[in-house]
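The values are calculated or read from the model by the stated rules, or taken from the named source; none is laboratory data. A quick note: this is a predicted structure, and the numbers were derived from the prediction, not measured. Using ideal geometry, Cβ is built from the backbone for each residue, glycine included, and neighbour counts are taken over all protein chains shown.
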Amino acid sequence: MSEREIILETIDMKKHFGEVKAVDGVSFKIRAGEVVALIGPNGAGKTTFVNIVTGYYNPDGGKIYYMGRDVTKASRIKKIKMGIARSFQLVNLYDDLTVLDNIRIAVLSRMGKTSIFWKTVEHFNEIKKESYEILSTFGLAEKAPVPAKDLPQGERKILDVAIAFALKPKVLLLDEPTSGVSSKDKHAIMNKIIPAVRNEKIATMIIEHDMDIVFGYSDRVVVMYEGKILAEGTPEEIKQSKEVQEKLLGVGVSAAGS
Ligand SMILES: Nc1ncnc2c1ncn2[C@@H]1O[C@H](COP(=O)(O)OP(=O)(O)OP(=O)(O)O)[C@@H](O)[C@H]1O
Ligand SMILES: [Mg+2]
């Protein structure tokens with residue numbers, strides 16, 4: 001694994017909200033094809049970390065490198081165009097549009113055409129074909145004509161990830177893709193996401209509270225606690241870490257989903 005290219009790296013990343021040191025000196029690396037779980041109790045700073053990396057917040061300190069390039073100050077649109085995509089803890093869908101159109105918009109926006117109407121007419125079938133392929137990958141093809149608002153929660157979560165995937169990112173940051181669904185549905189969601197990202201060798205970081213999911217699907221686990229990285233290692237190493245057990249598993253991380 002270690003010979004693979006580093007896609008994203010943060011060095012001493014910081015974000016403070018008044019007295020709250022939400023992210024307090026996080027140095028993190030992810031390589032092509034790696035699936036990393038980011039875990040930690042509520043308020044540990046996980047979402048804030050993703051918000052900084054994806055350009056939703058400016059950091060108060062530290063650097064972000066994407067494929068060796070300093071992108072610390074790049075806007076979130078620029079970051080999406082470069083290949084840094086995310087999904088949301090609370091899904092971000094066009095509720096009144098169909099499942100197909102939600103994906104179609106992502107594909108179109110990736111193409112970033114200026115004379116969008118004419119280009120769209122010209123490439124309509126091509127875009128539709130690609131959108132269907134993405135929907136098939138995520139098991140949503142049959143739901144193509146359904147308005148996003150009518151999907152069950154598990155499929156809404158998958159669609160949110162599929163939209164990020166449609167942007168063809170090199171790094172994908174997924175904020176609790178399995179929150180708010182049953183344990184069975186969590187596995188169904190992961191069984192769609194993980195093969196898709198592995199197949200494209202996308203560096204994927206998944207924020208997750210459910211330890212069965214964390215240990216079952218990730219190559220490496222990074223533990224955040226009060227804005228800092230408390231530990232990192234293979235799922236086995238993290239499972240056996242006394243410090244992690246005391247600080248996290250002891251306080252019921254697996255039950256703390258939000
Ligand atoms: N925009 C904001 N303004 C003020 N405080 C914030 C803001 N965003 C996050 N915080 C605070 O920063 C800390 C970290 O929050 P964050 O949402 O990153 O945690 P998290 O690890 O994602 O938690 P959870 O598992 O509950 O999603 C919390 O104390 C939170 O209240
Ligand atoms: Mg969060």
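Tabulated values for the structure
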item: Hey, Arg220 modelled with pLDDT of 95 or more and surrounded by fewer than 16 Cβ atoms within 10 Å (Cβ to Cβ) or not; result: no
item: Residues of segment 1-19 satisfying the condition of being at pLDDT 95 or above, in contact with a Gly (Cβ under 8 Å, 6 or more places away or on another chain) and either more than 19 Å from Lys73 (Cα to Cα) or surrounded by fewer than 20 Cβ atoms within 10 Å (Cβ to Cβ) (or both); result: Ile6, Ile11, Asp12, Lys14
item: Test for Val107: is it more than 17 Å from the chain's Cα centre (by Cα), more than 16 Å from ligand 1 (Cβ to nearest atom), over 22 Å from His16 (Cβ atoms) and of a type in the set (A, V, I, L, M); result: yes
item: Flag for Ala188 being assigned by TED's automatic domain parsing to the domain that holds Ile39, aliphatic (A, V, I, L, M) and surrounded by 20 or more Cβ atoms within 10 Å (Cβ to Cβ); result: no
item: Any hit, segment 185-194, residues being closer than 26 Å to Gly83 by Cα, out of contact with any helix residue (DSSP H, G or I) (no Cβ under 8 Å at 6 or more places or on another chain) and of a type outside the set (A, V, I, L, M, F, W, C); result: yes
item: Among the residues listed as Leu248, Leu140, Leu173, the single one being within 28 Å of Leu100 (Cβ to Cβ), buried (at least 22 other Cβ atoms within 10 Å of the Cβ) and within 16 Å of ligand 2 (Cβ to nearest atom); result: Leu173
item: Flag for Ile39 being within 16 Å of ligand 2 (Cβ to nearest atom) and among the aliphatic types (A, V, I, L, M); result: yes
item: Criterion: within 21 Å of Ala203 (Cα to Cα) and within 16 Å of ligand 1 (Cβ to nearest atom) - qualifying residue of Ser87, Ser75; result: Ser87
item: Qualifying residues in segment 20-46 (those that are basic (Lys, Arg) and surrounded by fewer than 19 Cβ atoms within 10 Å (Cβ to Cβ)) - the one farthest from Asp60 (Cα to Cα); result: Lys29
item: From the options Lys192, Lys239, Lys201, residue that is on the phi > 0 side of the Ramachandran plot and either away from ligand 1 (no atom under 16 Å from the Cβ) or without any contact (Cβ under 8 Å) to a residue 12 or more places away in the chain (or both); result: Lys201
item: From the options Ile158, Ile238, residue that is surrounded by 20 or more Cβ atoms within 10 Å (Cβ to Cβ) and either of a type in the set (Phe, Trp, Tyr) or more than 19 Å from the chain's Cα centre (by Cα) (or both); result: Ile238
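One line per residue, one yes/no per condition, for (1) touching a Gly at 6+ places or on another chain (Cβ under 8 Å); (2) within 18 Å of Leu174 (Cβ to Cβ); (3) of a type outside the set (Gly, Ala, Ser); (4) in a helix (DSSP H, G or I):
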| site | (1), (2), (3), (4) |
| --- | --- |
| Gly33 | no, yes, no, no |
| Ala37 | no, yes, no, no |
| Phe49 | no, yes, yes, yes |
| Lys63 | no, no, yes, no |
| Lys81 | yes, no, yes, yes |
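Condition check ((1) more than 14 Å from ligand 2 (Cβ to nearest atom); (2) in a strand (DSSP E or B); (3) under 19 Å from the mean Cα position of the chain (by Cα)) across all residues:
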| residue | (1), (2), (3) |
| --- | --- |
| Lys21 | yes, yes, no |
| Asn58 | yes, no, yes |
| Lys73 | yes, no, no |
| Ala85 | yes, yes, yes |
| Gln89 | no, no, yes |
| Asn102 | yes, no, yes |
